[in-house]
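The values are calculated or read from the model by the stated rules, or taken from the named source; none is laboratory data. Keep in mind it's a predicted model, so treat the numbers as computed, not measured. Note that each Cβ is placed from the backbone with ideal geometry, even for glycine, and that neighbours are counted across all protein chains shown. Just so you know, the surface numbers come from the protein's heavy atoms only, side chains and all, with ligands and any DNA or RNA stripped out. Shrake-Rupley method; radii C 1.70, N 1.55, O 1.52, S 1.80 Å.
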Amino acid sequence: MKKALITGITGQDGSYLAELLLEKGYEVYGLIRRSSSFNTGRIDHIYEDPHVEKRRLNLMYGDLSDSAALGQIINRVQPDEVYNLGAQSHVRVSFDIPEYTADIVAVGAIRMLEAIRHSGAPVRYYQASSSEMYGLVREVPQTETTSFHPRSPYGVAKVFAYWAAVNYREAYGMYACNGILFNHESPRRGETFVTRKITTAAARIKLGLQRKVYLGNLDARRDWGYAKEYVEGMWRMLQQDGPEDYVLATGESHTVREFLDEAFSYLDLDYREYVEKDPRYCRPSEVDLLVGDASKAKRQLGWESRTTFRQLVRLMVDADVKRAEQEKASGKVL
């Protein structure tokens, strides 16, 4: 039975990846930070699944800021695969806490790579890279060979982690892959991210639980896919004969305004009546256009995005309508 260690297992991608690996028969270990409140909501349902042996999902306390703990965990678990998804992943917030972002995203990757290297085991490593690395884009669409020009502390930290994985691959012969994933969303996306903020607001406004939603730049264009499909691409990267870097994307871009229109019109609402711009949500330096070319992933991994933009928005809205209905029925308006 293969063993996999996932950092960031309680996040959107981590929860979907854990499900996928368990379906494939893996023993899954997840790194979680100690908190005064429970933050395992996205994976709690796995424990209730009668088809999953409880011993195959194990949560361990640790942190990407703690190199000693990472070394101990690698030596204890002896994983076949490590998926480094843990991060301070909010781009706008990275401007407010740049040092912390760099410590977890950039240096955290080095800590994990060092822990794997010192273990001496043939671990396969996946680094969660990001389309935010392209920033002020040099070409459209962006591919694995497009140069980086990050426009946020988060993007800068991700570039560091990307090159760290490449360096350890070249210097030590480690199996280290970068998955350059463009924006990928789902009903499990955090509510502070713009897509989920929009679908949550549309649902709550429809049910009379909210009046307005405050957003930043509505003209930024992004390549939005379905997170559940993207984690399969992560897994496929670590099943190849040799390690390489891959872009995962849909090849289409849409503005935040288009996302708004699709979500609100699906519920027979006009977003213009409910949206107000708030400069607090604008970035000091913006990334205007991201759209990826995933032809290499299709050719070598057999991976491609299957969910359309409209399908993605609507499945997120449907999920948030159900949540809003439960909220209204409970009488506990958030």
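If you take the square roots of the eigenvalues of the alpha-carbon gyration tensor of the range 271-310 and sort them as a ≥ b ≥ c, do you get rounded (a/c under 1.5), prolate (a/b over b/c) or oblate?
Taking the square roots of the gyration eigenvalues as a ≥ b ≥ c, the range 271-310 is oblate.
In the Gaussian network model of the chain, springs joining C-alpha atoms below 10 Å, which of Glu48, Glu81, Glu286 carries the largest mean-square fluctuation?
In the Gaussian network model the winner is Glu48.
Could you compute Rg(Cα) / (2.2 N^0.38 Å) for the chain, with N its residue count?
Scaled against compact globular proteins, the figure is 0.98.
Just the number, please: percent antiparallel of the DSSP beta bridges in the chain, rounded to the nearest 5.
Once the DSSP bridges in the chain are tallied, antiparallel ones form about 5 percent.
List the residues, sorted by chain then number, that are 5 or more residues from Ile32 or on another chain and whose placed amide H is less than 5 Å from its amide H.
Those lying under 5 Å, H to H, from Ile32 are Met60, Tyr61, Gly62.
Membrane-span-like helices in the chain: DSSP H runs reaching 20 Å or more (Cα, own axis), mean Kyte hydropathy at least -1.0?
Helices meeting the span and hydropathy rule in the chain are 153-172, 309-330.
Hey, which lysines would be in cross-link range of Lys197, C-alpha to C-alpha under 16 Å, not counting anything within fewer than 8 residues on its own chain?
Lys206, Lys212, Lys277, Lys322
If one puts a single equal scatterer on every Cα of the range 224-316 and applies the Debye formula without solvent, what log₁₀ I(q)/I(0) results at q = 0.14, 0.17, 0.26 Å⁻¹?
Rounded to two decimals, the profile gives -0.67, -0.87, -1.29.
Of all accessible surface on the range 219-334 at a 1.4 Å probe, what whole percent is carbon and sulfur?
Roughly 44 percent of what the probe reaches on the range 219-334 is carbon or sulfur.
For the range 49-159, just run the numbers: alpha carbon Rg, then divide by 2.2 N^0.38 Å, N being how many residues it has.
1.25
With runs of 4+ DSSP H residues as the only contributors, calculate the mean residue ellipticity of the chain at 222 nm using -39,500 (n - 2.57) per run, divided by the residue total and rounded to the nearest 500.
Value at 222 nm, helices only, nearest 500: -12000 deg cm²/dmol.
In the Gaussian network model of the chain, springs joining C-alpha atoms below 10 Å, which of Ala106, Ala171, Ala115 carries the largest mean-square fluctuation?
Highest fluctuation of the listed residues: Ala171.
Sort Thr195, Thr250 from largest to smallest accessible area, using a 1.4 Å probe on the heavy atoms of the protein chains.
If we order Thr195, Thr250 from most to least accessible, we get Thr250, Thr195.
If you build a Gaussian network model of the chain, linking Cα atoms that sit under 10 Å apart, which residue out of Leu64, Leu289, Leu248 swings the most?
Leu289
Pairs Lys3/Lys228; Lys228/Lys328; Lys2/Lys298; Lys228/Lys296: which are spaced more than 22 Å apart, C-alpha to C-alpha?
Pairs exceeding 22 Å: Lys228/Lys328; Lys2/Lys298.
Quick one: net charge of Asn84's neighbours, Cβ under 15 Å, K/R +1, D/E -1?
Overall, the nearby charge balance is -2.
Remind me, relative contact order of the range 174-321 in percent, using alpha carbon pairs under 8 angstrom and six or more residues apart?
Once normalised by length, the contact order is 37 percent.
How high is the relative contact order of the chain, in percent, with contacts defined as C-alpha pairs under 8 Å that are six or more residues apart?
17
Give the separation of the Cα centroids, the range 102-175 to the range 221-297, in Å.
Result: 20 Å between the Cα centres.
For the range 116-206, what is the accessible area per residue in Å², given a 1.4 Å probe and the full set of protein chains?
Averaged over the residues of the range 116-206, the accessible area is 37 Å².
Over all directions, the average projected area of the alpha-carbon convex hull for the range 159-238 comes to how many nm²?
Over all viewing directions, the range 159-238 projects a mean Cα-hull area of 7.1 nm².
What share of all Cα pairs of the range 77-132, in percent, falls into each consecutive 10 Å distance bin?
Answer for the range 77-132: a P(r) of 22, 47, 23, 8 percent.
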